[in-house]
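Below is a structure I'd like to ask you about.
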Amino acid sequence: MIAYLGRRLVQSAMILLGVSLITFALLYLLPADPVRQIAGRSATPATVENIRHQLGLDQPFIIQYWRYLTHLVQGDLGRSYIQRSQVTELILSRLPATLLLMLGSIVCELIIGLTMGIVAAVRRGSATDQSLMVASFVGVSAPQFVVGLLLLYIFAVRLSWFPIGGYGSFSHLVLPSLTVAVMSAGWYARMMRSSMIDVLRQDYIRTARAKGLARATVLVRHALPNAILPIIAMIGIDIGILMGGIVVVESVFGWPGIGQLVWQAIQRVDIPIIMGVTLVSAFAIVLGNLLADIVAPFIDPRIKLR
Amino acid sequence: MNVSAGMDVKANPDVAASAAAGPILAVSNLAVSVRTDDGEREVVSGLSFELERGETLCIAGESGSGKSMTSLSIMRLLPRPGARISAGAVHFGGKDLATLDERSMQAIRGNRIAMIFQEPMTSLNPVLSIGRQLIEAIETHTDLSRRDARQRAVEALKAVRIPEAEARLKQYPHELSGGQRQRVMIAMAIALAPDILIADEPTTALDVTVQGEVLELLRDLQREHGTSIILITHDMGVVAEMADRVIVMRNGRMVEEGTVEEIFHAPAQRYTRELLAAVPKMGDGSARGDVEPVGSISAIAAVNDLHVRFDITGGFLGRVTHRVHAVEGVSFNIPASKTLALVGESGCGKSTTAKAIAGLVPFTGSIAVNGRDLAGLSGDARKAVRRDVQMIFQDPYASLDPRMRVGDLVAEPMLIHGIGSKAERGERVAALFERVGLEPGQMELYPHEFSGGQRQRICIARALALRPKLIIADESVSALDVSVQAKVLDLLKELQEEFGIAYLFISHDMAVVENISDRVAVMYLGQIVETGTRDQIFGDPRHLYTRRLIEAVPVPDPARRRGNFTRLVHEIPSVTRRVGDEPQKLRLEDVGDGHLVAAGTGMVG
C-alpha cells in the first residue's frame, strides 16, 4: 500500500510536470501578446519593450519555463499581470466557492444519474426505461449555457424558487450545481443502466434470489456494489469534465469561483493566472483519480493495490 | 459431523400433514415457454413427476432437454421476462408454486426448497464476505439474533467439512478454491434444513476428485437430515452414483422414468439406451493395437525439460517477488499417429504445456516439432514450424469468430501462411467440410447457425487445414453432450489413422482419456508424476495421485456404486512460490517397459 502510494505520487508529479510544460508552451505560442494588454493601446514601443523585459517575456522559452518551474516547486505561482497580486492568493480566495460548486454538482449528478440508471435497468425495455434514456440523451447533448439559462428562467425568473445568481446560501447553490450536473448525470444514467443490467444477469444474483431474499434486498445489497464499481473509476475521470462545465456555469450564475477568474484571465491573456488555474485543475483531476483507485478495494475485495 | 444439534427441524405444519399423504413435491403437466423471435416456444412440455421424502431423484438429459428449466420453474427463478410457466402445477406443502405470489415464494426459496448451481466460481457474490452471504440467508428466514445466525453459519460450514470454518466467514469468494466455493453454496442451502434441495449440475465444473467429495457430502447430508434431493445432471456416472429414481428428459419431454436399476439395467426406451451406450466407460477403452515402447520411432513432438514460469511483481520498484511455477521440467515424446493424453486437475499445468508447444507462452527447455527445435529458430522458421502444430480448444462457442463465415474461418490458416489461390483454398475447405462430416454448402453460414458438435467439427476442419503433424486438443470434447462427444472422438481417431497425425490430448475426463490415448502422462503441480502406456496407467497405476484420479471417476453402473471415497485431507497446494523457493524436482523411476513413476512418497507397489 505504501509502495503503491509512493509510486502513484511520483507518477502524479510527472503528470503535473507534463501539464505545466504543454500549457506553458501553448501560451508561449499564442499569437495574443500579454504585454499589449498590460500596457494599453496608447503605450509607446519603448514602454512595451520595457514591460516585456520586466516580466522576462523577452527571454527564450526554455529560460522562461525554467524560471516558472523553479518558482513553482517553491509554491510560487507568480503574480497576475493585470491585478498585480499573487496568483496563489487569488486562487485560494476563490477555491472554496468552486469546490463547493463541484461537490454540489457531484452529489446532484450521482443522485440523478444513478437513480435513473438503476430504475431503467430494473424496468429494462419498458416505457419508463425508454423515456429515461431519451432524457439522459437530452442531458448529454444539451449545451450547458442553454441548460443554465433555461433553469434560471423557469426556477428563478418564473417560479422565484431560487435566486437568479450570487453566492452565499444553500439556495444559491442549487441551480448552478444542477446545471453542471445535467450533462454528467446523463452519462452516469447510461453507464449505470448497462452496468446494472450486466450485473443482474450474473449467477450470484440468481443465488441471492434462490435464498429467498426480497427483490429490493437483492438489488441494494447484491447488485448495487458490483454495478457501481466501474462508476467509481468514472467519477475520478469526471472531475476534468466538471471543471470545463464549471468555467461556463460560474459565468452564467455569477459564481465567484476560479472559473470566473480564469475566464477573465483568458480574455486579458493573464498568463500566470491561466497557468495557475490549469495546474490546480490538473491537480484536482490527478487527486480524484487517485482517490477513486484507493476507494475501489474497499468495495471490491478482489482489487489489491500494488 | 454433528450438525443436527444446531439445526432443529422447523415446526412445519404443512409438511407434517402431508408427510403421511405421500410425495413432498408433485409436478403435474408442467410446461415452460420461452419467448423467441418467432413467437413462444415450449422448452418443457407435459412434464409430471413426484418427489418422495428423503429420496434422490435425478433428472438426466443432454443440453436443451429442459432439465434446468424444470428446476428453475420449481424455484420460480426462470429468467425473466423471456421464460414463463405456461401450464401445469407444482404442488408443495398444500400450495401450487406455479401460481404462488412472489412474496410467499420468497418465504419458500432458500428456506424450504434450496438450490445449488453449476458454477461455483460465479455463483457467490464477489464483493460480499462468505459470512455475510451465509448469515443473510439465515436471517431472512428466522428470527435468530446476529450471534445465533453466525453460530448456525459456522455449523453449516463445519457440516460441509470446510476446515477452519470460523475463519472462513471473513474471507471473500475469490480466496477460496472452486471445490470450497461449492461447499459454501451447499452450506448456504442446508443451513436452514430445507425439505428439498435442488442441485443443478453441482459438480460439472469441479475436478473429478473434488466431485467425488461433493457427491459424498450430499449423500451424507441427506442421510442425516432426510432431505429430498433433485439432482440435475448430464453425467450418467453421477446418476448411477447418486440416484434412487431417474427421469430421462429429451427436448423438453420425459422419455423414461424408473428406479436407477431399471434405467441402467433394463432401459425401456431407445433414447435411454443410446444415451447409456454413448457414455465413455473406463475399463473398456477399445483396443488400439500394440503400443511401441518409447523412442522406437522418431517423435513428431519431443519435449525435454520444459519449464514455464510467470513472474509476479510487487513493491515500489516492481521487483519480482513470487513466481508461478506452471510447468516444471516436463519431458515427453509423441510419435506419429499416436496420442499422448495429458491428465490432471485444474492448475496442474497441462494447458500451459500445450500453450508452450503451440508457441503461445514463453518457455525454457527444448521443444522440437518434426525434428526442428523451436528455441533456436528465427521468426520465419518458427512460423513454418507453427504450421505443423494446430490446436482445437474446449469451447466451440467461444473459439469461432461470430462475425466470420465458417468457410472463411477454416480457410484463414491457409491465408495466414500464404497457401494456394482463393479457388484452391475454397476447394480444400469444401473437401475438409466433407471430411469432418459437414456439407460444403454450409460454408457460407455463420457459427451461430451450428450446434455445439458441428462447431467442434468446424474447429477440427480448421486445425486440419494446414495438414499439421501434431494437433493439440485441449479439452476438446469436454463441453459436448456424450452422444456428440462419442462421434467427435471417433472422427478424431479416423483422422489420425488417415493422416498419421500425432495428438496431444488434454483432458480431465479419465474415461475419455482411456478411450483415445496410446500413452498417458499424469501431471500434478506442474510436474509429471506418472507416465506410461494406457494399459499401464489404467491397469496398473503406481502413483497415489493417479489412483485417486481413476477412483474418483463415477462409474455409470448403479451396481458398482462406491461406498466411501478416500478424502483429500489437504487442498492442492499453490504453484505460486517466493523467488528462491524452488519446488522439489521429482525423479521418475522406470518400473518396467517405460512405465515411469515419480519416486518417493506417492509411489506405491
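Every read-out reported here was derived from the displayed coordinates using simple, explicitly stated rules and does not represent laboratory data. Keep in mind it's a predicted model, so treat the numbers as computed, not measured. Positions of Cβ are generated from backbone atoms using ideal geometry, with glycine treated the same way; all protein chains shown enter the neighbour counts.
Between B:ALA83, B:VAL579, B:ALA375, whose Cα lies farthest towards the positive end of the dipole of the protein assembly as shown when Lys and Arg beta carbons carry +1 and Asp and Glu beta carbons carry -1, centred on the Cα centre?
Toward the positive end, the furthest listed residue is B:VAL579.
How much length would be gained if the chain were fully extended between A:ILE266 and A:LEU150, taking 0.36 nm per residue of separation minus their Cα-Cα distance, in nm to one decimal?
39.1 nm
Roughly how many Å is it from the Cα centre of the stretch B:313-354 to that of the stretch A:181-253, as a whole number?
Centre-to-centre (Cα) distance: 40 Å.
Please give the contour-minus-distance gain from B:LEU377 to B:ASP490: 0.36 nm per residue of separation, less the Cα-Cα distance, rounded to one decimal in nm. Present the calculation step by step, with values, prior to reporting the outcome.
Working: separation 113, 0.36 × 113 = 40.68 nm, distance 3.57 nm.
Using 0.36 nm per residue and subtracting the Cα-Cα distance, I get 37.1 nm.
With unit charges on the beta carbons (Lys and Arg positive, Asp and Glu negative) and the dipole taken about the Cα centre of the stretch A:2-73, which residue among A:VAL10, A:GLN59, A:VAL35 sits farthest to the positive side?
About the Cα centre, the residue reaching furthest to the positive side is A:VAL10.
Sticking with this one: Please name which of B:LEU30, B:GLN182, B:ILE229 has its Cα lying farthest along the dipole of chain B towards the positive end, using unit charges on Cβ (Lys, Arg +1; Asp, Glu -1) and the Cα centre as origin.
B:GLN182
Using the Cα centre of the stretch A:97-299 as the reference point, and only Cβ charges (+1 on K/R, -1 on D/E), how large is the resulting charge dipole? Debye, rounded to the nearest 20. All intermediate terms of the calculation are to be shown ahead of the outcome.
Numbers: 12 positive and 8 negative charges, 176 e Å.
Using only the charged Cβ atoms, the result is roughly 840 debye.
³J(HN,Hα) across the stretch B:519-534 via Karplus (A = 6.51, B = -1.76, C = 1.60, θ = phi - 60°), whole Hz, x for Gly/Pro?
Whole-Hz 3J(HN,Hα) from phi for the stretch B:519-534: 10, 10, 10, 9, 10, 8, 6, x, 10, 7, 9, 7, 8, x, 5, 4.
With a Förster radius of 51 Å, plug the Cβ-Cβ distance of B:GLU582 and B:SER451 into 1/(1 + (r/R0)^6) and report the FRET value to the nearest 0.05. The partial results should precede the final answer.
Numbers: r = 47 Å, r/R0 = 0.93.
Between B:GLU582 and B:SER451 the formula returns 0.60.
With label points built 7 Å along Cα→Cβ from the Cα atoms of B:ARG80 and A:ARG84, find their separation and express it in nm.
7.2
Now, a different point. Send over the per residue convex hull volume for chain B, Cα only, as a whole number of Å³. Write down the numbers at each step before the final one.
Working: hull volume 110.9 nm³, N = 605.
Spelled out: Cα convex hull of chain B, divided by residues, is 183 Å³.
Specify the inter-centroid distance of the stretch A:55-127 and the stretch B:454-483, based on alpha-carbon positions, in whole Å.
Between the Cα centre of the stretch A:55-127 and that of the stretch B:454-483, the gap is 58 Å.
Next question, about the same structure. Under 10 Å, Cα contacts only: if you run a Gaussian network model on chain A, which one of A:ALA292, A:ALA43, A:ALA227 comes out with the highest mean-square fluctuation?
Result for chain A, Cα springs under 10 Å: A:ALA43 fluctuates most.
Rounded to two decimals, what is the ratio between the C-alpha radius of gyration of the stretch B:96-165 and 2.2 N^0.38 Å? Numbers along the way, then the final one.
Details: Rg = 13.8 Å, N = 70, 2.2 N^0.38 = 11.1 Å.
Computed over Cα atoms of the stretch B:96-165, the ratio equals 1.25.
In whole angstrom, note down how far apart the Cα centers of the stretch B:65-121 and the stretch B:401-437 are.
Spelled out, the Cα-based centre of one part sits 46 Å from the other.
For chain B, what relative contact order do you get, as a whole percent, if you take Cα pairs closer than 8 Å and at least 6 residues apart?
On the way: 1161 pairs, mean separation 87.8, N = 605.
Relative contact order of chain B: 15 percent.
Between B:LEU360 and B:GLU102, what is the label-point separation in nm under the 7 Å Cα-to-beta-carbon projection?
Each label point is offset 7 Å from its Cα along the Cβ direction, giving 4.3 nm.
Let me know the charge dipole size of the stretch A:1-151 about its Cα centre in debye, to the nearest 20, where only the beta-carbon of Lys, Arg (+1) and Asp, Glu (-1) is charged.
Values: 11 positive and 7 negative charges, 22 e Å.
Dipole about the Cα centre, nearest 20: 100 debye.
Taking the convex hull of the Cα atoms, report for the stretch A:97-299 its projected area averaged over all directions, in nm².
Numbers: hull surface 51.9 nm².
So the mean shadow area of the Cα hull is 13.0 nm².
Per q in 0.25, 0.26 1/Å, what log10 I(q)/I(0) does a Debye calculation on the alpha-carbon atoms of the stretch B:376-460 return?
For the stretch B:376-460 at q = 0.25, 0.26 Å⁻¹, log10 I(q)/I(0) is -1.28, -1.34.
Any chance you could run the full-extension gain for B:ASP593 through B:ARG53? It's 0.36 nm times the residue separation minus the Cα-Cα distance, nm to one decimal.
Working: separation 540, 0.36 × 540 = 194.40 nm, distance 5.41 nm.
Length gained, B:ASP593 through B:ARG53: 189.0 nm.
What FRET efficiency comes out for the pair A:VAL157/A:ILE237, r = Cβ-Cβ distance, R0 = 41 Å, nearest 0.05? Display every interim value, and only then the final one.
Details: r = 35 Å, r/R0 = 0.85.
According to the calculation, E is roughly 0.70.
Students often forget the sequence filter, so: which lysines lie under 26 Å Cα-Cα from A:LYS211 once same-chain residues fewer than 8 apart are removed?
Reachable lysines: B:LYS10, B:LYS67, B:LYS95, B:LYS158, B:LYS170.
Still on this structure, please answer the following. Using a Förster radius of 25 Å, what is the FRET efficiency between A:GLN59 and A:LEU287 based on their Cβ-Cβ separation? Nearest 0.05, please.
On the way: r = 32 Å, r/R0 = 1.30.
After rounding, the FRET efficiency stands at 0.15.
Right, another one. Given +1 on the Cβ of Lys and Arg, -1 on the Cβ of Asp and Glu, and no further charges, what dipole in debye does the stretch A:2-73 carry about its Cα centre, rounded to the nearest 20? Mind showing how you got there, number by number?
Numbers: 6 positive and 3 negative charges, 50 e Å.
That gives the stretch A:2-73 a dipole magnitude of about 240 debye.
Sticking with this one: Once the protein assembly as shown is represented by equal point scatterers at the alpha-carbon sites, with solvent omitted, what log10 I(q)/I(0) does the Debye formula produce at q = 0.06 Å⁻¹?
Summing over Cα pairs of the protein assembly as shown leads to -0.59.
Quick one: Karplus J couplings for the stretch B:573-590, per residue in order, coefficients 6.51, -1.76, 1.60, θ = phi - 60°, nearest Hz, x for Gly and Pro?
Values per residue, Gly and Pro as x: x, 7, 8, 8, 10, 5, 4, x, 8, 6, x, 6, 6, 7, 9, 8, 10, 7 Hz.
When the convex hull of the Cα atoms of the stretch A:2-73 is projected onto a plane and the area is averaged over all directions, what value comes out in nm²? Intermediate values should be presented prior to the final figure.
Working: hull surface 22.9 nm².
Computed as one quarter of the Cα hull surface, the answer is 5.7 nm².
Using only the alpha-carbon atoms of the stretch A:70-167 as identical scatterers, what base-10 log of I(q)/I(0) does the Debye formula give at q = 0.15 Å⁻¹?
-0.86
Can you give the helix-only mean residue ellipticity at 222 nm for chain B, where every DSSP H stretch with n ≥ 4 adds -39500 (n - 2.57) and the sum goes over all residues, rounded to the nearest 500 deg cm²/dmol? The partial results should precede the final answer.
Numbers: 20 runs with 203 residues, N = 605.
The per-residue figure over chain B is -10000 deg cm²/dmol.
Where does each of B:ARG245, B:ARG577, A:ARG302 land when they are ranked from fewest to most other beta-carbon atoms within 10 angstrom?
Details: B:ARG245 19, B:ARG577 16, A:ARG302 13.
By the 10 Å Cβ count, ascending: A:ARG302, B:ARG577, B:ARG245.
Could you tell me which of the pairs B:LYS281/B:LYS493; B:LYS350/B:LYS585; B:LYS469/B:LYS493; B:LYS355/B:LYS422 are separated by over 21 angstrom between their Cα atoms in the structure shown?
Details: B:LYS281/B:LYS493 17 Å; B:LYS350/B:LYS585 17 Å; B:LYS469/B:LYS493 14 Å; B:LYS355/B:LYS422 30 Å.
Violating the 21 Å limit, Cα to Cα: B:LYS355/B:LYS422.
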